[in-house]
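**Q** One structure follows; several queries about it will come next.
The values are calculated or read from the model by the stated rules, or taken from the named source; none is laboratory data. The structure presented is a predicted model; accordingly, all values stated were derived computationally and were not measured. Don't worry about glycine lacking a Cβ; one is built from the backbone with ideal geometry, like all the others, and counts go over all protein chains shown. These area figures cover heavy atoms from the full protein model, side chains too; ligands, DNA and RNA do not enter into them. Shrake-Rupley method; radii C 1.70, N 1.55, O 1.52, S 1.80 Å.
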Amino acid sequence: MTAIPLAPGVAYHPGWLDRAGQEALLDELREAVRAAPLFTPTMPRTGRPFSVRMTNLGQLGWVSDKDRGYRYQPTHPQTGEPWPAMPAVLERLWSSVSTFPAPAEACLVNHYDPKAKMGLHQDRDEETFEAPVVSLSLGDTALFRIGGLNRNDPTRSVKLESGDVLVFGGEARLAFHGIDRVYPGTSTLLPQGGRINLTLRRVTPA
Ligand code: MD6
Ligand code: FE
């Protein structure tokens, strides 16, 4: 599989998952979301809602709310139940694109409806930054922006299509990044349109 280096530490694997694989994974995600419903996280302190809805798979999940802020926890914030298991295809994805010696512990599932976006941010709530963050996109194409270690560093943009994988590691592990927009009608995968992004993370040291 050809990886395109987008920046030091960032590898882009266009079309990592084919259409049949995307459909099979979507079936697994539908079942997972029945057990662990999508919720709307809110910003620390302000309580402002995110424009994406999310849930998690795996041993740990990323959550955020007004009072307790960003964190990982082993249970869904509304049901109190453990997160659904990590699908096997995502374990395969992690071991095929990363060289980290231990499995991913968390898969954050972000659901974008056509107007949703995600502001520039760093993924830095993990206890270790030794492992990369691996992201898989499903559904409508999105405009992804990657910057540097400072919020004001110059950025470049890449369009992520359904099945594309991005690996953020090394010197890019703490780079600012975000989603500027989703392009409606660019994929037939999700019957209602929109986009799902899965990010795999290692939270604790190996
Ligand atoms: C998204 N992705 O693609 C949001 N984070 O919807 C992320 O925030 C992200 O793609 C860390 C590494 C890769 C990512
Ligand atoms: Fe991120």
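**Q** For a test of the definition: using alpha carbon positions, the gyration tensor, and the 1.5 limit on a/c, classify the stretch 75-206 as rounded, prolate or oblate.
**A** It is oblate, given that a/c is not under 1.5 and a/b is not larger than b/c.
**Q** At 0.36 nm per residue, minus the direct Cα-Cα distance, what do ILE4 and SER157 gain on full extension? Give it in nm, one decimal, please.
**A** Numbers: separation 153, 0.36 × 153 = 55.08 nm, distance 1.40 nm.
Length gained between ILE4 and SER157: 53.7 nm.
**Q** Work from the charge dipole of the chain (Cβ charges, +1 for Lys and Arg, -1 for Asp and Glu, about the Cα centre) and give the residue of PHE100, PRO49, LEU29 farthest towards its positive end.
**A** My answer, from the dipole projection, is PRO49.
**Q** Using a 1.4 Å probe over the heavy atoms of the protein chains, calculate the carbon and sulfur portion of the accessible area of the stretch 1-102 as a whole percent.
**A** Numbers: 3030 of 5640 Å².
Using a 1.4 Å probe with all protein chains present, the stretch 1-102 comes out at 54 percent carbon and sulfur.
**Q** When Lys and Arg each count +1 and Asp and Glu each count -1, what net charge do the other residues less than 12 Å away from ARG195, Cβ to Cβ, add up to?
**A** With Lys, Arg at +1 and Asp, Glu at -1, the net is +1.
**Q** Per residue, what accessible area does the chain have, given a 1.4 Å probe and all protein chains present, in Å²? Provide the component values of the computation, followed by the final result.
**A** Values: 10080 Å² over 206 residues.
The answer is 49 Å² per residue.
**Q** Let me ask something additional. For the chain, with only Lys/Arg (+1) and Asp/Glu (-1) charged at the beta-carbon, what is the dipole magnitude about the Cα centre, in debye rounded to 20?
**A** 660
**Q** What accessible surface, in Å², does a 1.4 Å probe find on GLU161, ignoring ligands, DNA and RNA and rounding to the nearest 10?
**A** Using a 1.4 Å probe on the heavy atoms, I get roughly 100 Å².
**Q** Right, another one. Assign unit charges at the C-beta atoms only (+1 for Lys and Arg, -1 for Asp and Glu), then state the dipole size of the stretch 156-202 relative to its Cα centre in Debye, rounded to the nearest 20. Present the calculation step by step, with values, prior to reporting the outcome.
**A** Details: 7 positive and 4 negative charges, 30 e Å.
The calculation lands at about 140 debye.
**Q** Checking the a/c ratio against 1.5 first, then a/b against b/c, what shape does the Cα gyration tensor give for the stretch 1-102?
**A** The shape class here is prolate.
**Q** Among rounded, prolate and oblate, which fits the stretch 65-115 when a ≥ b ≥ c are the square roots of the eigenvalues of its C-alpha gyration tensor, a/c under 1.5 means rounded, and a/b larger than b/c means prolate? The partial results should precede the final answer.
**A** Details: a/c = 1.97, a/b = 1.56, b/c = 1.27.
Since a/c reaches 1.5 and a/b is larger than b/c, the shape of the stretch 65-115 is classed as prolate.
**Q** Name the residue farthest towards the positive end of the dipole of the chain from the options PHE129, ILE146, GLY15, assuming +1 on Cβ of Lys and Arg, -1 on Cβ of Asp and Glu, about the Cα centre.
**A** So the residue we want is ILE146.
**Q** Can you give me the solvent accessible area of ARG202 with a 1.4 Å probe, rounded to the nearest 10 Å²?
**A** 30
**Q** Relative contact order for the stretch 35-174: what is it in percent, counting Cα pairs under 8 Å that are at least 6 residues apart? Intermediate values should be presented prior to the final figure.
**A** Details: 245 pairs, mean separation 28.2, N = 140.
Averaging sequence separation for qualifying contacts and normalising by length gives 20 percent for the stretch 35-174.
**Q** Counting Lys and Arg as +1 and Asp and Glu as -1, what is the net charge of the other residues whose Cβ lies under 13 Å from the Cβ of GLY148?
**A** Surrounding charge for GLY148 is +2.
**Q** Can you grab the distance from the C-alpha centre of the stretch 77-148 to the C-alpha centre of the stretch 37-55, Å, no decimals?
**A** If we compute the Cα centre of each part, the gap is 16 Å.
**Q** Between LEU6 and residues 5 or more places away or on another chain, which pairs have amide H atoms under 5 Å apart, with H built 1.01 Å from N, and which residues are they?
**A** Here the answer is ALA11, TYR12, since their amide H atoms fall under 5 Å of that of LEU6.
**Q** Please give the charge dipole size of the stretch 76-137, origin at the Cα centre, charges +1 on K and R Cβ atoms and -1 on D and E Cβ atoms. Round to the nearest 20 debye.
**A** Values: 4 positive and 9 negative charges, 67 e Å.
Its charge dipole is roughly 320 debye.
**Q** Across the stretch 26-42, in residue order, what do the Karplus-derived ³J(HN,Hα) couplings come to in whole Hz, using 6.51 cos²θ - 1.76 cosθ + 1.60 with θ = phi - 60° and x for Gly and Pro?
**A** 4, 4, 5, 5, 4, 5, 4, 5, 5, 7, 10, x, 4, 10, 9, x, 10
**Q** How large is ³J(HN,Hα) for each residue in the stretch 2-12, as worked out from phi by the Karplus curve 6.51 cos²θ - 1.76 cosθ + 1.60 (θ = phi - 60°), to whole Hz, x for Gly and Pro?
**A** Using θ = phi - 60°, the values come out as 7, 9, 9, x, 8, 6, x, x, 10, 10, 10 Hz.
**Q** Would you mind calculating the gained length between ARG45 and ASP67 on full extension (0.36 nm times residue separation, minus the Cα-Cα distance), in nm to one decimal?
**A** 7.3 nm
**Q** How do TYR12, TYR70 rank by accessible surface area computed with a 1.4 Å probe, from largest to smallest?
**A** Largest accessible area first, the residues go TYR70, TYR12.
**Q** Would you mind counting up the charge near VAL10? Only other residues with Cβ under 10 Å from its Cβ, with Lys and Arg at +1 and Asp and Glu at -1.
**A** Taking every other residue near VAL10 into account, the sum is +1.
**Q** So if each residue of separation counts as 0.36 nm, and I subtract the Cα-Cα distance between GLU171 and GLU127, what length gain in nm does that give? Intermediate results must be reported in sequence, preceding the final value.
**A** Numbers: separation 44, 0.36 × 44 = 15.84 nm, distance 1.66 nm.
Extending this stretch completely gives an extra 14.2 nm.
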